[in-house]
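The values are calculated or read from the model by the stated rules, or taken from the named source; none is laboratory data. Just so you know, these numbers come straight off a predicted model, no measurement behind them. Every residue, glycine as well, gets a Cβ built from its backbone with ideal geometry; the counts of neighbours run over all protein chains shown. Ligands, DNA and RNA are stripped out before the accessible areas are found, and what is left, the full protein with its side chains, is counted by its heavy atoms. Shrake-Rupley method; radii C 1.70, N 1.55, O 1.52, S 1.80 Å.
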Amino acid sequence: MKLLSVVGARPQFIKAAVISRAIADLNAAAGDKGHVADVIVHTGQHYDTTMSQVFFDELSIPDPVHNLEVSGGTHGEMTGRMLERLEAVIIEESPDWVLVHGDTNSTLAGALAATKLHVPLAHVESGLRSYNRRMPEEINRIVTDSIADLLFVPTEQARSNLLSEGVPGERIIPVGDVMFDATKFYAPLAEQRSAVRATHGLESGNYVLATVHRAENTDDPARLKQIVMGLSRLSEENTVVLPLHPRTRLALEAAGLLDDVGSSLLLIEPVGYLEMLDLERNARVIATDSGGVQKEAYFAGVGCVTLRDETEWVELVEAGVNVLAGADADRIVAAAEQLRQVDPEPGLYGDGQAGEKVVSALVEVTRQRKRC
Ligand code: UD1
Ligand code: UDP
């Protein structure tokens, strides 16, 4: 079986690492009896070393077979250029499956390219909804889910979202969250290898970790300003460390806020995944608008202030470990003060074997198809 995975943005490299590890394990166990070819296609959406190559290096992800070098531009330009190049690559590679992750423009382009060529499409991290159609990610998810042949869902909520949209139940496969697999596998390595806290003089339990990159926050100066004010107020009590997404750096510069932010917060370059896991695990509280970081806060047992008005990971809010504070300085400060240590419940995001389940389901369905 040949699996062609389309990746392009930071969180997709981490998800791809889980799938590639599951493929490598399966190939090792199968010996001569079967082989899954793992073809990774990088669209080029994220391209800085700290946003891309660092993950391939530290997570031992196989090198992309193709890099399409498409980044920047409007959503239409970016997606269109990816679609054109992906079409050619899919024709050349002729895979049994195209696999896409999450909800970025790379996901959407991969999904459209595959289905237009009648190549079966699998979607990992399917079924998430914010019910906010102004988010580019929401459109990417809805389109991808509506055309995918197999939808791998991370949570019960995601499954029920798809069923309520009329997706046939036989296409939906609950596997758990590949990000939970990643945390489980890499957290011990992070503990051994990460020097990030020593480098920046961060004491365990005594700093706030923040990340900001969502378009709704970076592209709206009023929201960005409120978030900056909230984080700056938190920095009066604890160091606030902010690994800065390049999009946010540009937005802060454009809004004339970068110098102020730099004087109250500890701004650092985006960090590698192992360093990030270490920063999360030792934070007093996490403030973020990231999807992945909200869950990692929970896996780390740390409370999360979500800098958004809604979340796809509603089970965390229901469990009281994640507070939606929007882009409102007062609410951010109040939420950070209210949140305490978290006791992660086993099973909410699966058993840490999501990657194996995805790969074995794809192998099984391919076998059945070849028999027919
Ligand atoms: C994208 C995804 C978002 C995901 C995020 C993960 C879409 C619509 N958005 O958002 O869902 O949560 O990735 O981080 O697909 N830039 C650089 N260097 C890089 C990457 C980006 O300088 O390596 C800058 C460029 O100016 C670029 C801007 O950041 O134009 C935005 O990048 P883009 O990939 O369009 O969106 P993200 O905000 O990263
Ligand atoms: N991450 C990282 N370094 C950073 C910031 C984030 O390795 O400096 C990781 C984080 O641990 C998580 C993933 O990137 O696994 C989340 O990516 P991001 O927040 O960019 O996107 P989202 O999950 O919101 O789509």
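Could you grab me the full set of residues in segment 203-243 that are over 18 Å from residue 306 (Cβ atoms) and crowded, with 21+ Cβ neighbours inside 10 Å?
Within segment 203-243, just 207 meets the criteria.
Conditions first: (1) in contact (Cβ under 8 Å) with a residue 60 or more places away in the chain; (2) farther than 20 Å from residue 357 by Cβ; (3) away from ligand 1 (no atom under 16 Å from the Cβ); (4) among the hydrophobic types (A, V, I, L, M, F, W, C). Residue 98 passes all but one, so which condition is the exception?
Unmet for residue 98, out of (1) in contact (Cβ under 8 Å) with a residue 60 or more places away in the chain; (2) farther than 20 Å from residue 357 by Cβ; (3) away from ligand 1 (no atom under 16 Å from the Cβ); (4) among the hydrophobic types (A, V, I, L, M, F, W, C): (2).
Going by what's in this entry, would residue 94 be described as within 16 Å of ligand 2 (Cβ to nearest atom) and out of contact with any Leu (no Cβ under 8 Å at 6 or more places or on another chain)?
So residue 94 fails the test.
Can you name every residue in segment 297-311 that is among the charged types (D, E, K, R) and touching a Phe, Trp or Tyr at 6+ places or on another chain (Cβ under 9 Å)?
If the condition is that a residue be among the charged types (D, E, K, R) and touching a Phe, Trp or Tyr at 6+ places or on another chain (Cβ under 9 Å), then 310 is the only one that fits.
Determine whether residue 133 is free of Cβ contacts under 8 Å to residues at least 60 places away in the same chain and in a helix (DSSP H, G or I). Spell out how you get there, then give the answer.
Working: free of Cβ contacts under 8 Å to residues at least 60 places away in the same chain: yes; in a helix (DSSP H, G or I): no.
So residue 133 fails the test.
Take residue 323 and decide whether it is buried (at least 19 other Cβ atoms within 10 Å of the Cβ), outside any loop (DSSP other than H, G, I, E, B) and without any contact (Cβ under 8 Å) to a residue 40 or more places away in the chain.
Judged against the criteria, residue 323 is a match.
I'm trying to understand the selection: among the residues of segment 119-143, which are over 16 Å from the mean Cα position of the chain (by Cα) and crowded, with 17+ Cβ neighbours inside 10 Å?
Scanning segment 119-143 gives 119, 120, 121, 122.
Name the residues in segment 57-110 that are part of a loop (DSSP other than H, G, I, E, B) and out of contact with any strand residue (DSSP E or B) (no Cβ under 8 Å at 6 or more places or on another chain), would you?
The first filter runs over segment 57-110 and keeps only residues part of a loop (DSSP other than H, G, I, E, B), leaving 59-65, 68-74, 94-96, 102-104.
Residues satisfying the conditions are 59, 60, 69, 70, 71, 72, 73, 74, 103, 104.
Return yes or no: is residue 310 outside any helix (DSSP H, G or I), of a type in the set (D, E, K, R) and within 15 Å of ligand 2 (Cβ to nearest atom)?
Spelling it out, residue 310 is indeed outside any helix (DSSP H, G or I), of a type in the set (D, E, K, R) and within 15 Å of ligand 2 (Cβ to nearest atom).
Under 6 Å between Cβ atoms, which residue pairs at least 6 apart in sequence (or on different chains) link something in segment 258-273 that is aliphatic (A, V, I, L, M) with a partner that is outside any helix (DSSP H, G or I) and open to solvent by less than 40 Å² (accessible area, probe 1.4 Å)?
Correct list of pairs: 265/235; 265/240; 265/242; 266/241; 267/242; 267/244; 268/243; 271/243.
If I filter segment 251-261 down to residues being open to solvent by less than 40 Å² (accessible area, probe 1.4 Å) and either touching a strand residue (DSSP E or B) at 6+ places or on another chain (Cβ under 8 Å) or assigned to a helix (DSSP H, G or I) (or both), which single residue comes out as farthest from ligand 1 (Cβ to nearest atom)? First the steps, then the outcome.
Kept after step one, since they are open to solvent by less than 40 Å² (accessible area, probe 1.4 Å), are these residues of segment 251-261: 251-252, 257-258, 261.
Adding the requirement that they be either touching a strand residue (DSSP E or B) at 6+ places or on another chain (Cβ under 8 Å) or assigned to a helix (DSSP H, G or I) (or both) leaves 251-252, 258, 261.
Numbers: 251: 9, 252: 12, 258: 15, 261: 17 Å.
This residue is 261.
Which one is nearest to ligand 1 (Cβ to nearest atom) among residues in segment 1-21 that are open to solvent by less than 50 Å² (accessible area, probe 1.4 Å) and not in a helix (DSSP H, G or I)?
9
Among the candidates 199, 248, 183, which residue alone is outside any loop (DSSP other than H, G, I, E, B) and touching a His at 6+ places or on another chain (Cβ under 9 Å)? Break it down stepwise before answering.
On the way: 199 fails: touching a His at 6+ places or on another chain (Cβ under 9 Å); 183 fails: touching a His at 6+ places or on another chain (Cβ under 9 Å).
Residue meeting the stated conditions: 248.
So, in segment 332-364, of the ones that are of a type in the set (S, T, N, Q) and assigned to a helix (DSSP H, G or I), which residue ends up farthest from residue 171 (Cα to Cα)?
Among those that are of a type in the set (S, T, N, Q) and assigned to a helix (DSSP H, G or I), it is 338.
Return the pairs, sorted by first residue and then second, in which the second residue is at pLDDT 95 or above and small (Gly, Ala, Ser), the first residue lies in segment 58-87 and is within 16 Å of ligand 2 (Cβ to nearest atom), the beta carbons are less than 6 Å apart, and the residues are 6+ apart or on different chains.
Cβ pairs passing all conditions: 58/272; 59/17; 61/16; 61/17; 61/20; 71/44.
Working carefully through the options 24, 30, 37, find the one that is within 21 Å of residue 355 (Cβ to Cβ), open to solvent by 40 Å² or more (accessible area, probe 1.4 Å) and among the hydrophobic types (A, V, I, L, M, F, W, C). First the steps, then the outcome.
Numbers: 30 fails: open to solvent by 40 Å² or more (accessible area, probe 1.4 Å); 37 fails: open to solvent by 40 Å² or more (accessible area, probe 1.4 Å).
Going through 24, 30, 37 in turn, just one is within 21 Å of residue 355 (Cβ to Cβ), open to solvent by 40 Å² or more (accessible area, probe 1.4 Å) and among the hydrophobic types (A, V, I, L, M, F, W, C): 24.
If I ask for residues that are open to solvent by less than 20 Å² (accessible area, probe 1.4 Å) and farther than 23 Å from residue 247 by Cβ, which ones from segment 275-285 would you list?
Matches in segment 275-285: 278, 285.
Yes or no: segment 18-41 includes at least one residue that is under 22 Å from residue 275 (Cβ atoms) and not β-branched (Val, Ile, Thr).
Yes, the conditions are met somewhere in segment 18-41.
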